[in-house]
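In what follows, a structure is listed as structure tokens, so that the remarks can point back to it.
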Amino acid sequence: MVIKMQIEVKEVRHDAPVFLMLCGELDSFLNVAIGGEEKREKYKKFNHTDTMDFVAVAYEGGEPAGCGALRKYSEKEVEIKRVFVREKYRGKNVGGMILEKLLEQAQQTGFERMILETGAFLGASIKLYRRYGFERIENYGAYKDMPESICMGREIGADAIIYCVGKRMEADELKELYESVGWKSGKYADRLLCSFEKAGMVISAWQGSKLAGLVEVLDDGGVTAYVHYLLVNPFYQGKGIGARLMEAVKEQYRDYLYIVLSCEQKGVIPFYEGLGFSVIEGSTPMQINRL
């Protein structure tokens, strides 16, 4: 029997040995990625661990898998620092769970905006931040004259929509969302939760603790990704949530040959066409409906 380990993200002190160890591994990784420690020398003064205001470490089965930190930048802005996932834990959304913990902490602390700096050579990191709604901004502070740096930011105030990849939802939250758009499958929220654990990807949109929308994608691992569900609570429609969710899907599956969906309502065809989808001429959606 295969035992599936659960990821747990915990707060630790900035001087915790586990955080210092992970930061050491991050520095070694960056030295290799950038082509030598001397090329990274100018960044070291911005990453002293004793300047971090909040530190999170992810564990799988008691073993440290990765880390991330926050540092106050201004009265309204907080900076993400030292995000790292150890190689053997990559591909398990550990980075996403760390980022969600940092987002949650920043909101609870009262910050209105998050900013970060990453390297142009860290494609996986940039893709992760984009999935969570971060967009490129003008290089700030010490990074203004560093062309190899990419700075990103996003709003996180009380009214902001937070996007999460693979975040665990409760059955009643899911039931409310599905019933808000009149979908009968909301009656089977427990089954939906189980199916989400096996899906290729689930991205959810939240305003505070309220589940505003989600997209579920099934994929075959390399050729075709099928958008199974996309729904947004009517209360939150008109805010661009559906488009942002679909853009995240397109980014995640940018290397796939096909991204397919079944549009059951003709009125929303223009929405999908605006995102680059086109009608498959001569095709007919079919199903066995047991609801």
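The values are calculated or read from the model by the stated rules, or taken from the named source; none is laboratory data. On a predicted model such as this, the values are computed, not experimentally measured, just so you know. In this analysis, Cβ positions are derived from the backbone assuming ideal geometry, glycine residues included, and neighbour counts consider all displayed protein chains.
For the stretch 247-269, a tally of residues being loosely packed, with under 12 Cβ neighbours inside 10 Å and modelled with pLDDT under 95 returns 6.
Tyr140 satisfies every condition listed in (1) aromatic (Phe, Trp, Tyr); (2) out of contact with any helix residue (DSSP H, G or I) (no Cβ under 9 Å at 6 or more places or on another chain); (3) not assigned by TED's automatic domain parsing to the domain that holds Val85 except (3). The listed residues are Gly166, Gly186, and the only one of them that is more than 25 Å from Glu75 (Cβ to Cβ), surrounded by 13 or more Cβ atoms within 10 Å (Cβ to Cβ) and in contact with a strand residue (DSSP E or B) (Cβ under 7 Å, 6 or more places away or on another chain) turns out to be Gly166.
Of all positions in the stretch 262-272, at least one carries a residue that is polar (S, T, N, Q), assigned to a loop (DSSP other than H, G, I, E, B) and over 26 Å from Arg168 (Cβ atoms). Within the stretch 20-39, is there a residue that is modelled with pLDDT of 95 or more and in a strand (DSSP E or B)? Scanning the stretch 20-39 turns up no residue that is modelled with pLDDT of 95 or more and in a strand (DSSP E or B).
Going by the structure shown, is Tyr272 aromatic (Phe, Trp, Tyr), under 30 Å from Lys101 (Cα atoms) and surrounded by 12 or more Cβ atoms within 10 Å (Cβ to Cβ)? No. Just so you know, in the stretch 88-120 the residues that are in contact with a helix residue (DSSP H, G or I) (Cβ under 6 Å, 6 or more places away or on another chain) and not in a helix (DSSP H, G or I) include one that is surrounded by the most Cβ atoms within 10 Å (Cβ to Cβ), and it is Met114. Look at Arg82 and say whether it is part of a strand (DSSP E or B), over 18 Å from the mean Cα position of the chain (by Cα) and modelled with pLDDT of 95 or more. It is false that Arg82 is part of a strand (DSSP E or B), over 18 Å from the mean Cα position of the chain (by Cα) and modelled with pLDDT of 95 or more.
Among the residues of the stretch 199-213, those that are of a type outside the set (A, V, I, L, M) and touching a strand residue (DSSP E or B) at 6+ places or on another chain (Cβ under 9 Å) comprise Gly200, Ser204, Trp206, Gln207, Gly208, Gly213.
The set of residues from the stretch 210-257 being β-branched (Val, Ile, Thr) and under 19 Å from the mean Cα position of the chain (by Cα) comprises Val215, Val217, Val227, Val232, Ile241, Val249. Kindly indicate whether any position in the stretch 235-256 is within 23 Å of Ser195 (Cα to Cα) and without any contact (Cβ under 8 Å) to a residue 24 or more places away in the chain. No - not one qualifying residue is present in the stretch 235-256. Within the stretch 116-128, the residues that satisfy the criterion of being within 15 Å of the chain's Cα centre (by Cα) and of a type outside the set (Ser, Thr, Tyr) are Leu116, Gly123, Ala124, Ile126, Lys127, Leu128.
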